[in-house]
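Working notes for the structure below.
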Amino acid sequence: MTRSVSGAMIRAVLLATLVAGTLDIGAAILTNPQVPARVVLQSVAGGWLGNEAYRGGWPTAWLGLASHFAVMLGITAVFVLAAARAPALRRLWFPAGVAFGLAVWLAMTYVVVPLSASTLAPPDTLVAALKPIVIHILCVGLPIAWIVRRVLGDSDPA
């Protein structure tokens, strides 16, 4: 991999993390108006602290926000690495983004959260799952795929 390609990959990871991370946490806050933003952020910190996160005030909310962006960094890096090796993910960014958003939701809901200290339960019906699935597609998968295509291009750099 050339130096310019690796630099572009770093730029893609950082930009996509910032955009998707902001859209995703913003959607979580905006689509749950009955819950204060602090509590939404504390729910993320609940992955580390369990129910104690809700008693920690703004410090645990900030931990939740930092954790959210750290996880998003890893999610974005996975897509960037895959797209660097498979140019079809960049050419077909829209279906790739939809599929990636769905895959992220599945992994977070059925692997990451259950393995954490979080007390959040997965949705018990498809109807309950639709909102977070759509959010992950629109706010995570598609922005990441689009940004990666814009930064890395849509063809094989080799």
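The values are calculated or read from the model by the stated rules, or taken from the named source; none is laboratory data. Because the structure is a prediction, the values reported are computed rather than measured. All Cβ positions, glycine included, derive from the backbone under ideal geometry; neighbour counts span all protein chains shown. The accessibility values were calculated without ligands, DNA or RNA, using every heavy atom of the protein model including side chains. Shrake-Rupley method; radii C 1.70, N 1.55, O 1.52, S 1.80 Å.
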Looking only at segment 116-124, decide whether some residue is surrounded by 15 or more Cβ atoms within 10 Å (Cβ to Cβ) and either part of a helix (DSSP H, G or I) or hydrophobic (A, V, I, L, M, F, W, C) (or both). no
Looking at the structure I just gave you, is ALA86 free of Cβ contacts under 8 Å to residues at least 40 places away in the same chain, farther than 21 Å from SER43 by Cα, surrounded by fewer than 19 Cβ atoms within 10 Å (Cβ to Cβ) and among the small types (Gly, Ala, Ser)? yes
Would you confirm, using the coordinates I've provided, whether LEU63 is in contact (Cβ under 8 Å) with a residue 24 or more places away in the chain, open to solvent by 30 Å² or more (accessible area, probe 1.4 Å) and out of contact with any Asp or Glu (no Cβ under 6 Å at 6 or more places or on another chain)? no
Based on what the data block shows, is ALA12 within 19 Å of the chain's Cα centre (by Cα) and at pLDDT 95 or above? yes
Mind checking which residues of segment 125-158 are closer than 20 Å to GLY7 by Cβ, modelled with pLDDT under 95 and open to solvent by 50 Å² or more (accessible area, probe 1.4 Å)? ASP154, SER155, ASP156, PRO157, ALA158
Which ones in segment 90-108 are open to solvent by less than 40 Å² (accessible area, probe 1.4 Å) and under 16 Å from ILE25 (Cβ atoms)? GLY101, VAL104, TRP105
